1. Loop only per DSSP, at most 14 neighbouring Cβ atoms within 10 Å: give me the GluC sites (Glu not before Pro) in the range 79-185, ordered by residue number.
2. Take the Cα pairs of the range 204-251, get the Kirkwood Rh, then feed it into Stokes-Einstein at 4 °C and 1.567 mPa s and tell me D in µm²/s.
3. Springs between alpha-carbon pairs under 10 angstrom, Gaussian network model over the chain: which of LEU112, LEU125, LEU83 fluctuates most?
4. In the range 2-237, with Lys and Arg counted as +1 and Asp and Glu as -1 at Cβ, which of these residues, ILE49, ALA155, THR166, has the Cα nearest the positive end of the dipole, that is, farthest along it?
5. Using a Förster distance of 25 Å, how high is the FRET efficiency between ARG122 and GLU175, based on the Cβ-Cβ distance and rounded to 0.05?
6. Explain nothing, just the number: dipole magnitude of the chain about its Cα centre with +1 on each Lys and Arg Cβ and -1 on each Asp and Glu Cβ, in debye rounded to the nearest 20.
7. Treating cross-link reach as a plain straight distance, find the lysines whose alpha-carbon is under 24 Å from the alpha-carbon of LYS101, omitting any fewer than eight places away in the same chain.
8. Per q in 0.12, 0.13, 0.19 1/Å, what log10 I(q)/I(0) does a Debye calculation on the alpha-carbon atoms of the range 1-105 return?
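The values are calculated or read from the model by the stated rules, or taken from the named source; none is laboratory data. Fair warning: this is a prediction, and the values are worked out from it, not measured in the lab. Glycine gets a Cβ as well: all are built from the backbone with ideal geometry, and neighbour counts include every protein chain shown. Protein only, heavy atoms only, side chains kept; ligands, DNA and RNA dropped before computing areas. Shrake-Rupley method; radii C 1.70, N 1.55, O 1.52, S 1.80 Å.
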Amino acid sequence: MKVGYFQFNPKFLDIDHNLNKIEDMISGSDTELLVLPEFFNSGYAFNSIDEVKSAAESIPNGRTTDFLINIAKKENMYITAGLPETDNDQYYNSSVLVGPKGYIGKYRKVHLFYKEKLFFKRGNLGYPIFNIEDVKVGMLICFDWFFPEAMRALALNGAQIILHPTNLVMSYYQEASKVRALENRVFIVLSNRFGDEGDYHFTGRSQIVDPQGKILINSGENIEEIRSIEIDPKLACNKKLNEFNDLFMDI
Ligand code: ACM
């Protein structure tokens, strides 16, 4: 399965611009499963609930999810992307998974970072697992990485690939993701943004890590880039370290 990410610098509250950028970059890509950053359509640095309201959408049946479904059909690919969601006058920092047959599912960020707590509700959907053909995947969003039990829950429920949209303002996770992948024996597709917005500087360096904790591909800090690599998701089913130790049986 060819998995990839698109690292770019979204324009704050310019959804037209950000969706057009995605359409241009993805067109003709042979990636089968692509991850876009957290809040890829809106940008990150919300200053008021009115700004959040102006950008938030239903998932599914919102403009951005419909747009992603159309691209997924046209390009015959699966896409995970982060966006602000509205549901019953509440707001969530969410990610959506779509594919060639349409909407598959969503995840709502559980661990809200810093001023996200002013505007968004804590995720209330748990850590769902989705099937992409015969591969099990799960989603996390940015700061969730700091809480090891989040990825552990996904891995224990069978996730082979962690789809991880981020807007990282620190650069710990580009290092820590090697340990998260190793301890859970999963692939991680970390799709970060770059650039500056408000008081935030985003750290780029998107990467794909394998179940041995090895970085397969990555990007620089300030570059717009779509990158992908062929992986064998079955490697994530083997939790054995040696003939006596199985990382999940030994817990
Ligand atoms: C973050 O969770 N966006 C740092």
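1. Loop-located and lightly packed - GLU133.
2. Rounded to a whole number, D works out at 100 µm²/s.
3. LEU125
4. In the range 2-237, that residue is ALA155.
5. My answer for the efficiency is 0.40.
6. 500
7. Within the straight-line limit of under 24 Å, LYS101 reaches these lysines: LYS2, LYS21, LYS73, LYS74, LYS136, LYS234.
8. -0.36, -0.42, -0.89
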